[in-house]
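Novice: Would you mind keeping the following structure in view while I ask a few things?
No lab work stands behind these numbers, since they all come straight from the coordinates. Just so you know, these numbers come straight off a predicted model, no measurement behind them. As a convention, Cβ positions derive from the backbone with ideal geometry for all residues, glycine included, and neighbour counts pool all protein chains shown.
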Amino acid sequence: MAGLVVVAVEQAVAAPFATRQLADLGARVIKVERPGGGDFSRGYDRTVNGLASHFVWLNRGKESIELDLKSSEGRAVLETLISRADVVVQNLAPAAARRLGIDAKALVDRFPRLVACDISGYGSGGPYADRKAYDLLIQSESGLVSITGTPETPAKAGIAIADISAGMYAYSGVLGALLQRGRTGEGQALEVSMLEALGEWMGYPYYYGCYGGTDPARTGASHATIAPYGPVATATGEVLVIGLQNQREWRVFCERVLRRPELGDDPRFAENADRVAHRDELDGIVADVFARLPLPEACSRLDEAAIAYGRRRTMEEFAGHPQLAARDRWRRVGTSAGAVDALLPPVTAGWDTPMGDVPALGEHTDSVLAWLADPASDHGGHLGG
């Protein structure tokens with residue numbers, strides 16, 4: 001994607017996540033930020049050598065330009081910037097984007113080869129169109145919170161999953177629109193809502209609940225509809241997460257891991273539906289066995305039986321994961337507070353991944369303005385009018 005120019009009028013998570021994927025593919029991503037404060041995710045915390053963890057994660061490889069979009073001068077610069085872009089991604093409030101004239105439809109009307117993407121909480125139109133939308137609110141509105149947590153207490157996902165899902169659909173939508181433009185020469189106005197993006201990911205519980213009559217049960221770290229499937233503590237204190245998928249695995253698990261083959265014929269546990277119905281009894285039996293097994297023996301039995309399992313790791317343990325180390329997945333990227341570790345993007349391909357630095361606020365304002373002032377510097381594919 002070298003030579004592709006992306007203008008990002010963005011903040012927080014959803015749009016920055018989408019445009020960072022484009023930056024990782026080699027696109028030039030110019031991030032428009034408010035003077036003085038910038039993207040408000042810069043202030044979420046100070047955990048990464050004084051910088052915010054969300055911002056460091058979402059904004060590597062971008063150029064930061066400060067623009068006052070409330071001023072006529074700032075809006076004029078933005079218009080010029082967009083005129084030289086291939087892609088515009090924005091996640092302002094829908095009404096604010098319309099006032100600025102940078103909603104996707106308005107932009108493509110002015111620049112017919114532009115790929116423009118709006119990201120919002122609820123989409124344009126409808127009774128929720130102008131509501132503020134944050135990740136936890138969308139997790140709640142989509143029903144995710146109602147099926148997550150323990151039987152006693154609903155819980156949200158531990159990451160901004162509504163934002164991330166919207167960002168991924170924006171990213172894939174932009175790639176699809178660029179592919180289409182390459183064939184037709186025409187741009188595209190795209191729209192992604194957080195509710196609809198996370199709603200797509202809620203497909204299984206939707207079908208299970210609306211057609212089955214009851215929502216999937218909240219089962220903590222266990223699977224709602226498969227048993228045994230969840231965490232077990234070993235004698236040495238480590239927690240493994242085991243997962244069984246079929247009857248053959250169940251019988252092998254009873255024989256080689258639990259070493260209680262008679263459980264394979266116990267009518268309480270005959271089929272998966274029976275095991276789910278008697279989950280408490282089954283979990284107690286499994287817990288008793290693993291509580292007597294040191295971690296090496298527990299892993300040995302599971303490996304011998306070819307039963308799927310994993311370690312429940314902390315963030316520090318994840319950072320030291322032997323599989324990531326063996327596959328050389330970590331890189332160093334620069335920030336204004338020093339270099340930090342970052343994972344390579346998950347798609348392994350034949351192209352180079354730039355893994356650029358995380359920009360300081362307004363770090364590239366002067367260089368971007370100089371580029372805009374020099375028509376000779378325009379890239380070959382710019383959209384013009």
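Novice: Among K70/K156; K31/K156; K31/K132, which pairs are too far apart, with a Cα-Cα distance over 28 Å?
Specialist: On the way: K70/K156 36 Å; K31/K156 30 Å; K31/K132 22 Å.
Violating the 28 Å Cα-Cα cut-off are K70/K156; K31/K156.
Novice: On to the next question. Please report the antiparallel percentage of DSSP beta bridges with both residues in the chain, rounded to the nearest 5. Walk me through the numbers on the way to the answer.
Specialist: Values: 15 of 39 bridges.
So the antiparallel bridges amount to about 40 percent of the total.
Novice: I've got another one for you. Most mobile of A129, A342, A305 per a Gaussian network model of the chain (Cα springs, under 10 Å)?
Specialist: A305
Novice: Just flag the trypsin sites (Lys or Arg not before Pro) in the stretch 281-318 sitting in loop per DSSP whose Cβ has no more than 11 other Cβ atoms within 10 Å. Kindly include the intermediate steps, with their values, before the conclusion.
Specialist: Working: sites: R292, R301, R311, R312, R313; in loops: R292, R312, R313.
Within the stretch 281-318, the qualifying trypsin sites (Lys or Arg not before Pro) (loop, at most 11 other Cβ atoms within 10 Å) are R292.
Novice: Given points 7 Å out from each Cα along the Cα-Cβ axis, report the T236 to R98 separation in nanometres with one decimal.
Specialist: 6.2 nm
Novice: Only sites in a loop by DSSP and with at most 13 other Cβ atoms within 10 Å count here; which GluC sites (Glu not before Pro) in the stretch 235-276 make the cut?
Specialist: Values: sites: E238, E249, E255, E262, E271; in loops: E238, E271.
Qualifying residues, ordered by number: E271.
Novice: What does the extension gain come out to for M202 and E186, with contour length at 0.36 nm per residue minus their alpha carbon separation? Present the calculation step by step, with values, prior to reporting the outcome.
Specialist: Numbers: separation 16, 0.36 × 16 = 5.76 nm, distance 3.30 nm.
Residue separation times 0.36 nm, minus the Cα-Cα distance, leaves 2.5 nm.
Novice: Label the stretch 66-109 by shape, choosing from rounded, prolate and oblate, from the square roots a ≥ b ≥ c of the eigenvalues of the Cα gyration tensor; if a/c is under 1.5 it is rounded, and otherwise prolate applies when a/b is larger than b/c, oblate when it is not.
Specialist: Values: a/c = 1.70, a/b = 1.08, b/c = 1.57.
Taking the square roots of the gyration eigenvalues as a ≥ b ≥ c, the stretch 66-109 is oblate.
Novice: Of [x] 78, 15, 14; [y] 47, 24, 18; [z] 40, 22, 19, which is the value of semi-axes √(5λ) of the Cα gyration tensor in Å derived from the coordinates here?
Specialist: [y]
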